[in-house]
Amino acid sequence: MLASAPVGNRRAQPPAVSAIPLRIMDVFEITGGARLCGEVRATGAKNSVLKLMAAALLATGVTTLREVPDILDVTYMAELLRRLGCLVERDIPARTLTIDVPEVPSHQADYDLVRKLRASINVLGPLLARCGEAHVALPGGDNIGSRGLDMHIDGLERLGATVRSEHGFLIATRSARLTGAHVWLDFPSVGATENLLMASVLAEGITVIDNAAREPEIVDICTMLQSMGAQIDGVGSSTLTITGVEVLNPTDHTTVPDRLVAGTWAVAAVMTAGDVTIRNAHAAHLAIVLDKLTETGAHIDVLPDGFRVQAEARPRSVDIVTLPYPGFPTDLQPHFIALNSIAEGAAMVTENLFEARFRFVNEMVRLGADVRTDGHHALVRGRESLSGAPVEAADIRAGAGLVLAGLVASGTTTIYEPHHIDRGYEGFLDDLTRCGAAVIRRSVSDQD
Ligand code: UD1
């Protein structure tokens, strides 16, 4: 009974008013069961374009970037560049971004933006090279020398910089031009390789970065730097040799396609026994991922500008081990946990880069998945089906994994905090809808 009349001599009470203010938020709501069929186009890579934007700081004048995705991280990075004194203009329909860099950019990146975008640490190298100093707020949880930034710092120090932490800022300075040096990275860190590349292109003499990352996004930034006049040998290998030049020129560069977006669609096609063609994608950048999908029973055709993924039955489970490129990408690990959770058989997923990524497993368990983790291993036993439930996206890739799980779960899956997914996937829901999925974005209050 919802409404009650006064009983006996008791007086009617006014309706209870919650002391907690109402919070309105977006959610994704997915009704599972559709077979995805159609054609999609991958955008330019998020993980590349943010670094290309930072690289523009290395030359005075107007740099044009193309195939820039319409995602929030680009908006944050553009704002960061504006605060450094650049004039940034974006033509979203044309997917272009121009950055007009002043002769002397400012050198301070504040916490309010850095906390939203960890990739803002990538302005450290170019600002140090251009301005002689860089003050970049420390991303939350990171201290100088701790896990996360030690290789950036050690490498810059080898090039002659002094780096210290003060009042929540990482402060890098140089008293003279940076000097080329031999840097051995303990681990092929993507971010450290990029920062050292951007610092060394303007250093005096030769820098060798050994055990460098080899991701397609590293090749992309090397190609852009070369078109600005940088001298880099060994692009695509684990030894990069940079001969410093005095000045770089602005350029016009097209961002490499996003292999993680393309990979997400490939897994979605397999999980839904669908048929999806992904354009503007390089199959070679996903060699190990597509090979694993073939092992699940899917059929893959490589096309001149992408690839087509077709699947007809329940996938077979596949083991994966994440490693730096060309190994299996950690950013597609949640997707393969989702895939294995409905596959035939059991699979071991080993995460070697970010252990915290397994937090996503708790949300998969809410959807009925059978996953047990032990350290950096997850044992996934495939179930015939998952059952829709409310879940929360903790980061971009975990969010994408939950979308995939929701596509095959029975009933409705509600994904909270979907803004994480928006950070990496332009127009995701529109594309999913065009391919036949039942998925909407709606606003709810936290008391719904
Ligand atoms: C980039 C990608 C991210 C991807 C990752 C690995 C962007 C914006 N993000 O992140 O999506 O998952 O590469 O492919 O491009 N480490 C240290 N010390 C350092 C640097 C890194 O210990 O100085 C550790 C990290 O904590 C992590 C591992 O090395 O455990 C890999 O990190 P890294 O390759 O640097 O990743 P990011 O550049 O942060």
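The values are calculated or read from the model by the stated rules, or taken from the named source; none is laboratory data. Computed from a predicted model, the values in this text were never measured in an experiment. Positions of Cβ are backbone-derived with ideal geometry, glycine not excepted, and every protein chain shown enters the neighbour counts.
Values computed for the structure shown
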| read-out | value |
| --- | --- |
| Filter result for residue 178 (modelled with pLDDT under 90, crowded, with 19+ Cβ neighbours inside 10 Å and in contact with a Gly (Cβ under 6 Å, 6 or more places away or on another chain)) | no |
| All positions within the range 197-211 that are in contact with a helix residue (DSSP H, G or I) (Cβ under 8 Å, 6 or more places away or on another chain), more than 20 Å from residue 253 (Cβ to Cβ) and either modelled with pLDDT under 95 or within 16 Å of the ligand (Cβ to nearest atom) (or both) | 209 |
| Count - residues of the range 269-305 that are more than 20 Å from residue 35 (Cα to Cα) and of a type in the set (Gly, Ala, Ser) | 4 |
| Residue within the range 312-329 that is within 29 Å of residue 26 (Cα to Cα) and of a type in the set (D, E, K, R) present | no |
| Residue 349, sole failed condition from (1) more than 16 Å from residue 288 (Cα to Cα); (2) touching a strand residue (DSSP E or B) at 6+ places or on another chain (Cβ under 6 Å); (3) surrounded by 24 or more Cβ atoms within 10 Å (Cβ to Cβ) | (1) |
| Of residues in the range 277-291 being hydrophobic (A, V, I, L, M, F, W, C) and out of contact with any helix residue (DSSP H, G or I) (no Cβ under 9 Å at 6 or more places or on another chain), the one surrounded by the fewest Cβ atoms within 10 Å (Cβ to Cβ) | 287 |
| Count of residues meeting criterion [part of a helix (DSSP H, G or I) and over 17 Å from the mean Cα position of the chain (by Cα)] in the range 325-358 | 5 |
| All positions within the range 107-123 that are in a helix (DSSP H, G or I) and either touching a Ser or Thr at 6+ places or on another chain (Cβ under 9 Å) or among the aliphatic types (A, V, I, L, M) (or both) | 113, 114, 119, 121, 123 |
| Subset of the range 297-322 [β-branched (Val, Ile, Thr) and either outside any strand (DSSP E or B) or surrounded by 15 or more Cβ atoms within 10 Å (Cβ to Cβ) (or both)] | 300, 309, 318, 320, 321, 322 |
| Matching entry among 294, 330 (being within 16 Å of the ligand (Cβ to nearest atom), surrounded by fewer than 22 Cβ atoms within 10 Å (Cβ to Cβ) and either at pLDDT 95 or above or within 23 Å of residue 423 (Cα to Cα) (or both)) | 330 |
| Flag for residue 164 being touching a strand residue (DSSP E or B) at 6+ places or on another chain (Cβ under 7 Å), modelled with pLDDT under 95 and more than 26 Å from residue 74 (Cβ to Cβ) | yes |
| Only one of 375, 368 that is surrounded by 15 or more Cβ atoms within 10 Å (Cβ to Cβ), out of contact with any Phe, Trp or Tyr (no Cβ under 7 Å at 6 or more places or on another chain) and on the phi > 0 side of the Ramachandran plot | 368 |
| Pairs with Cβ under 7 Å, 6+ apart, first in the range 353-376 and closer than 25 Å to residue 148 by Cα, second away from the ligand (no atom under 16 Å from the Cβ) and of a type in the set (Ser, Thr, Tyr) | 358/373; 361/373 |
| Qualifying residue in the range 216-232 (condition: within 13 Å of the ligand (Cβ to nearest atom), surrounded by fewer than 22 Cβ atoms within 10 Å (Cβ to Cβ) and either under 27 Å from residue 342 (Cα atoms) or at pLDDT 95 or above (or both)) | yes |
| Subset of the range 268-287 that is assigned to a helix (DSSP H, G or I) and away from the ligand (no atom under 16 Å from the Cβ) - its residue that is farthest from residue 218 (Cα to Cα) | 271 |
| Residue within the range 176-183 that is of a type in the set (Lys, Arg), more than 24 Å from residue 49 (Cβ to Cβ) and either under 22 Å from the mean Cα position of the chain (by Cα) or more than 12 Å from the ligand (Cβ to nearest atom) (or both) present | yes |
| Residue 255 being buried (at least 22 other Cβ atoms within 10 Å of the Cβ) and in contact with a Ser or Thr (Cβ under 9 Å, 6 or more places away or on another chain) | yes |
| Hits in the range 393-433 - residues which are away from the ligand (no atom under 16 Å from the Cβ), under 24 Å from residue 273 (Cβ atoms) and assigned to a loop (DSSP other than H, G, I, E, B) | 409, 411, 427 |
| Set 171, 121, 92, 99: member being within 14 Å of the ligand (Cβ to nearest atom) and either β-branched (Val, Ile, Thr) or surrounded by fewer than 17 Cβ atoms within 10 Å (Cβ to Cβ) (or both) | 121 |
